[in-house]
Each structure stands twice: as structure tokens, then as C-alpha cells.
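K.L.:
Here it is: the structure, laid out below.
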Amino acid sequence: QVQLVESGGGLVQAGGSLRLSCAASGNIFSINAMGWYRQVPGKQRELVAVVTSGGSTNYADPVKGRFTIARDNGKNTVYLQMNKLKPEDTGVYYCNADLRIGLGFSNVYWGQGTQVAVSS
């Protein structure tokens with residue numbers, strides 16, 4: 001079975017940094033895309049950053065210039081380097097992966113979420 005294992009969340013003060021990681025394991029043929037979403041109570045889960053199979057990246061406007069997404073395809077792992085953190089970055093961060101698991105067949109998977117808390 002495919003699993004996404006996340007790590008790197010924690011509590012930091014405003015202006016600090018965190019690095020999140022997400023490792024996919026299982027019978028994975030290839031990666032179509034991997035990214036990060038975040039959610040706070042009462043709000044919709046929102047896209048933070050994504051990297052596609054072609055290597056292109058997209059970022060939500062509030063994190064542009066502060067966050068960087070990177071991938072290591074050999075390890076089926078994606079990272080999110082978060083710098084200059086702000087209190088509004090607080091939330092549960094979820095890894096998302098669109099994975100090809102067979103010929104002509106792909107599926108979307110979610111990690112369990114990791115808490116990021118930024119104090120003022």
C-alpha cells in the first residue's frame with residue numbers, strides 16, 4: 001500500500017524557519033506531482049506549493065519568496081523549506097501526491113498532516 005510519511009512540523013517564533021519532508025513509499029511507478037496544502041479550523045484546505053513531473057513549481061501568493069519546494073525523485077520525497085515564517089502560516093500541513101501506480105492508472109494520496117505553529 002502507498003504511504004506518505006511527513007515530518008518537520010513544530011513550533012517556532014515569527015521570522016524562524018522549518019523544513020517539512022514527505023516520503024512516499026509503496027508500489028509507485030512514477031510521480032506525477034507532489035505538493036503541500038495547509039488548513040486551519042473553519043477554513044478550506046489551500047494549496048501552498050506543488051512541483052509537477054516536469055519540474056515546474058507553483059506557490060500560493062502569501063508564501064512566494066519565503067517558501068521553496070524541492071523534490072528528490074530517487075527517494076520519492078518532497079521538501080518544503082519555510083523561511084521568514086509568519087503567524088498566519090500556522091496550520092496543519094498536508095502532503096499530497098498524485099502517483100502513477102500502474103500503466104494508465106494514477107491515484108491521489110494524502111499524508112496524515114503535521115502541525116506548524118508560528119508565534120508572534
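The values are calculated or read from the model by the stated rules, or taken from the named source; none is laboratory data. Please read these numbers as outputs of a predicted model, since none were measured by experiment. Reconstructed Cβ throughout: ideal geometry from the backbone, glycine too, with neighbour counts over all protein chains shown. Heavy atoms of the whole protein, side chains included, go into the accessibility calculation; ligands, DNA and RNA do not. Shrake-Rupley method; radii C 1.70, N 1.55, O 1.52, S 1.80 Å.
K.L.:
Within the stretch 60-105, count every residue that is assigned to a strand (DSSP E or B), more than 21 Å from GLY10 (Cβ to Cβ) and over 11 Å from the mean Cα position of the chain (by Cα).
P.N.:
Here the count works out to 7.
K.L.:
A follow-up question, please. Consider the stretch 89-103. How many of its residues are over 22 Å from SER25 (Cβ atoms) and open to solvent by 40 Å² or more (accessible area, probe 1.4 Å)?
P.N.:
Total satisfying the criteria: 1.
K.L.:
Which of the residues belonging to the stretch 33-43 are modelled with pLDDT of 95 or more and open to solvent by 30 Å² or more (accessible area, probe 1.4 Å)?
P.N.:
Scanning the stretch 33-43 gives TYR37, GLN39.
K.L.:
To continue, here is another question. When you scan the stretch 5-35, how many residues do you find that are outside any strand (DSSP E or B) and either free of Cβ contacts under 8 Å to residues at least 12 places away in the same chain or among the aliphatic types (A, V, I, L, M) (or both)?
P.N.:
Residues in the stretch 5-35 being outside any strand (DSSP E or B) and either free of Cβ contacts under 8 Å to residues at least 12 places away in the same chain or among the aliphatic types (A, V, I, L, M) (or both): 2 in total.
K.L.:
Condition (residue is exposed (fewer than 15 other Cβ atoms within 10 Å of the Cβ), modelled with pLDDT of 95 or more and closer than 15 Å to VAL5 by Cα) applied to the stretch 71-88: is it met by at least one residue?
P.N.:
Within the stretch 71-88 (the criterion being exposed (fewer than 15 other Cβ atoms within 10 Å of the Cβ), modelled with pLDDT of 95 or more and closer than 15 Å to VAL5 by Cα), the answer is no, since none of the residues qualifies.
K.L.:
While we're here: If you go through the stretch 9-30, how many residues are in contact with a Phe, Trp or Tyr (Cβ under 8 Å, 6 or more places away or on another chain) and small (Gly, Ala, Ser)? Working first, answer last.
P.N.:
Pass one, the stretch 9-30, residues in contact with a Phe, Trp or Tyr (Cβ under 8 Å, 6 or more places away or on another chain): 9, 19-22, 24.
Remaining after also requiring small (Gly, Ala, Ser): 9, 21, 24.
Counting residues in the stretch 9-30 that are in contact with a Phe, Trp or Tyr (Cβ under 8 Å, 6 or more places away or on another chain) and small (Gly, Ala, Ser) gives 3.
K.L.:
Give me the residue from the stretch 106-120 that is open to solvent by 40 Å² or more (accessible area, probe 1.4 Å) and either of a type outside the set (Gly, Ala, Ser) or in a helix (DSSP H, G or I) (or both) and, out of that set, nearest to PHE29 (Cα to Cα).
P.N.:
ASN107
K.L.:
Suppose we filter THR57, THR68 for residues that are closer than 18 Å to THR114 by Cβ and open to solvent by 10 Å² or more (accessible area, probe 1.4 Å); which single one remains?
P.N.:
Only one candidate qualifies: THR68.
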